[in-house]
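The values are calculated or read from the model by the stated rules, or taken from the named source; none is laboratory data. As the structure is a prediction and not an experimental result, all values here were calculated from the model. Glycine also receives a Cβ, built like all others from the backbone with ideal geometry; neighbour counts cover every protein chain displayed. For accessibility, only protein heavy atoms count, side chains too; no ligands or nucleic acids. Shrake-Rupley method; radii C 1.70, N 1.55, O 1.52, S 1.80 Å.
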Amino acid sequence: MSVSGTLVAVTDGKMPMRAKVASSVSRTAAAFSRAAGRGDGSVIGGWIGLKIDPDLLRNLASGRAIALVSGTNGKTTTTRFTAAALGVLGPVATNSFGANMPTGHTSALARAGSTPFAVLEVDEHYLARVIDETTPRVVALLNLSRDQLDRAKEVAMMAQMWRTALAAHPDMHVVANADDPMVVWSAVNAAHVVWFSAGQRWMDDSWVCPECGSPINRAQGDWWCTGCPLRRPVAQWRVEEDGVVDPKGDWHLVKLQLPGHVNVGNAATALAVAAEFGVRPIEAVPRLASVASVAGRYAQVDRDGRNIRLLLAKNPASWLEAFDMAEVAPTLLSINARDPDGFDTSWLYDVDFSPLRGRQVFITGDRAYDLAVRLEVNSVAFRHVHTFDEAVQATPPGRLEVIANYTAFQDIRAELDRVN
Ligand SMILES: [Zn+2]
């Protein structure tokens with residue numbers, strides 16, 4: 001491990017001296033943190049860099065063509081796909097480890113050195129600030145639903161924040177999900193907007209119109225407000241079977257290593273964003289197929305004749321997505337309720353677990369008993385296991401799907417890393 005090398009790696013001659021020093025120190029701190037085994041170091045590195053130069057993110061962003069990707073769900077995967085697609089044009093900086101606040105963006109850009117392009121995943125709460133500081137060419141808006149119940153800002157408040165942020169930057173191109181009424185309301189007045197249709201599996205946070213408070217009606221993929229003109233715009237990019245239709249009407253087969261219809265939707269979004277930079281789908285599609293896992297998610301591990309696949313489900317909407325991605329195979333569900341997960345597990349009652357009926361289901365984690373009660377209500381048979389290994393041993397050879405929330409996912413990854 002070489003920390004000293006990062007000190008002399010300041011390459012961008014256009015940056016102010018303070019920014020150069022801050023960028024260099026930021027990279028060094030991140031490298032030390034990695035060496036100490038404290039994750040990828042991007043948060044501490046970015047934090048130190050911003051202490052030295054509060055304008056560091058702005059300075060590092062200057063001169064790059066940038067895409068921001070935000071929303072409640074799918075942003076890590078969509079960011080990864082978009083970075084892969086933009087790779088057609090040249091080197092792309094990206095925060096691929098899911099550090100999606102300004103400290104993480106600062107660290108990612110400092111670490112990448114000068115690149116012509118950057119694709120950054122942005123926590124939805126920070127989108128306005130990051131738009132101000134990075135002046136992106138394109139911002140992609142995926143969806144808005146509640147995250148963990150005990151920490152979420154109201155969805156409508158978030159939509160208002162986005163709407164205000166977009167209004168302040170009329171030159172920016174917006175790529176937005178036509179299927180989510182909250183996203184449409186936040187983007188509908190933007191000067192340059194391209195709509196994509198990636199579906200909306202989770203609708204419980206958008207039954208009421210954000211404009212006028214009237215009910216929203218839905219039928220066959222369409223939606224409209226019953227009290228005002230807000231309605232689903234026509235999507236220029238859409239998913240059709242296992243492919244994506246572009247604005248010219250051409251259909252492109254999208255073969256992915258990542259599972260589920262949800263990820264074809266994420267691919268459609270990435271293609272739409274890349275097109276704003278001039279990348280044609282025919283060039284981008286093969287690069288999407290190269291993405292095998294995203295920060296450990298979807299990773300497959302072979303152990304004792306079982307092929308174990310890890311799916312992260314962090315909030316109600318992403319549980320439904322995980323059920324879409326999982327094969328009909330033995331399934332282990334693991335739920336914790338530690339700080340990063342949120343302490344309140346009552347959201348379990350908002351998720352329909354009935355797709356798991358008939359599968360061999362195991363449950364584990366700190367809150368396995370909350371899950372047990374929930375599964376009883378849905379008449380899903382299950383077995384409680386105390387360790388991950390107990391589930392593996394009880395599964396016949398073949399696929400084992402693991403669906404876990406945030407810290408439970410990390411626990412299982414750590415357990416797998418120990419034996420591989
Ligand atoms: Zn309305």
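Which ³J(HN,Hα) values in Hz, rounded to whole numbers, follow from the phi angles of the range 170-185 under the Karplus curve 6.51 cos²θ - 1.76 cosθ + 1.60, where θ = phi - 60° and Gly and Pro get x?
The phi angles translate into x, 7, 6, 8, 10, 10, 9, 7, 5, 8, 10, x, 5, 5, 4, 4 Hz.
Within the chain, what percent of beta bridges assigned by DSSP are antiparallel, to the nearest 5?
Taking every DSSP beta bridge with both residues in the chain, the antiparallel ones total about 30 percent.
Would you mind getting the Kirkwood hydrodynamic radius of the range 241-367 from its Cα pairs, rounded to one decimal in Å?
Final number for the Kirkwood radius of the range 241-367 is 16.8 Å.
What number does the range 18-83 give for Rg over Rh if you use C-alpha atoms and the Kirkwood radius?
With Rg and the Kirkwood Rh in hand, the quotient comes to 1.04.
What base-10 log of the normalised intensity I(q)/I(0) is obtained for the range 366-413 from the Debye formula, alpha carbons as equal point scatterers, at q = 0.19, 0.22 Å⁻¹?
-0.74, -0.97
Given a 1.4 angstrom probe, what's the average accessible area per residue across the range 196-314, in square angstrom?
In whole numbers, the range 196-314 has 46 Å² accessible per residue.
Kindly provide the helix-only [θ] at 222 nm of the chain, computed as the sum of -39,500 (n - 2.57) over DSSP H runs of four or more divided by all residues, to the nearest 500 deg cm²/dmol?
Rounded to the nearest 500, the figure is -11000 deg cm²/dmol.
Tell me, what HN-Hα J-couplings in whole Hz come from the Karplus equation 6.51 cos²θ - 1.76 cosθ + 1.60 at θ = phi - 60° for each residue of the range 376-393, using x for Gly and Pro?
In residue order, the calculated couplings are 4, 4, 8, 6, 9, 6, 8, 10, 7, 10, 8, 9, 4, 4, 4, 5, 4, 5 Hz.
Using 10 Å bins from zero, what percent of all Cα-Cα pairs in the range 51-141 falls into each bin?
Here the calculated profile for the range 51-141 is 19, 59, 21, 1.
Quick check on the range 313-362: what does the Kirkwood estimate of hydrodynamic radius come out to from the alpha carbon pairs, in Å?
Computed over Cα pairs of the range 313-362, the Kirkwood hydrodynamic radius comes out at 11.8 Å.
May I ask you to order 80-87, 407-414, 94-101 by the average number of other C-beta atoms within 10 Å around their residues, highest value first?
Final packing ranking: 80-87, 94-101, 407-414.
With a Cα-only, solvent-free Debye model of the range 102-211, what are the log10 I(q)/I(0) values at q = 0.19, 0.24 Å⁻¹?
So the normalised log intensities work out to -1.02, -1.41.
Using only alpha carbons, build the gyration tensor for the range 186-283 and give me the equivalent ellipsoid semi-axes, biggest first, whole Å.
27, 16, 11
Suppose a student asked you for the relative contact order of the chain, using Cα pairs under 8 Å spaced at least 6 residues apart; what percent would you report?
Relative contact order of the chain: 12 percent.
Within the accessible area of the chain, what % is carbon and sulfur when the probe is 1.4 Å and the other protein chains stay in place?
52 percent
Grab every C-alpha pair in the range 339-420, bin the distances at 5 angstrom width from 0 up to the longest one, and report whole percents.
It works out to 3, 13, 24, 26, 20, 10, 4, 0, in whole percents.
List, in order, the whole-Hz ³J(HN,Hα) value for each residue of the range 277-291 obtained from phi through the Karplus relation with A = 6.51, B = -1.76, C = 1.60 and θ = phi - 60°; use x for Gly and Pro.
My calculation for the range 277-291 gives 9, x, 8, 7, x, 4, 7, 7, 4, x, 6, 5, 5, 7, 7 Hz in order.
Give me the one-decimal nm value for the distance between modelled label points at Asp171 and Met203, 7 Å along each residue's Cα-to-Cβ direction.
4.1 nm
For the chain, compute the orientation-averaged projected area of the C-alpha convex hull (one quarter of its surface), in nm².
20.5 nm²
Name the long-range amide H neighbours of Glu121: under 5 Å, sequence gap of 5 or more, or other chain; modelled H, no Pro or chain starts.
Correct list: Val69, Asn95.
Out of residues 5 or more away from Val291 or on other chains, whose amide H comes under 5 Å of its own, with H placed 1.01 Å from N in the peptide plane?
Close amide H contacts, sequence-distant or interchain: Gln257.
Need the list of lysines near Lys14 for cross-linking: C-alpha distance under 27 angstrom, and skip anything on the same chain fewer than eight residues off.
Lys51
Could you order the peptides 395-402, 103-110, 338-345, 315-322 from most to least packed, using the average number of other C-beta atoms within 10 Å per residue?
103-110, 315-322, 395-402, 338-345
What residues qualify as long-range amide H neighbours of Leu400, i.e. H under 5 Å apart, gap of 5 or more or another chain, H built at 1.01 Å from N?
Sorted by chain and number, the residues that satisfy this are Asn307, Ile308, Arg309.
Please state the charge dipole magnitude for the chain, taken about the Cα centre, from unit charges on C-beta atoms (+1 on K and R, -1 on D and E), reported in debye and rounded to the nearest 20.
It comes to approximately 1040 debye.
Just to be sure I understand the model, the point goes 7 Å from the Cα along the line to the Cβ. What's the resulting Ser290 to Asp350 distance in nm?
With each label placed 7 Å out from Cα toward Cβ, I get 3.8 nm.
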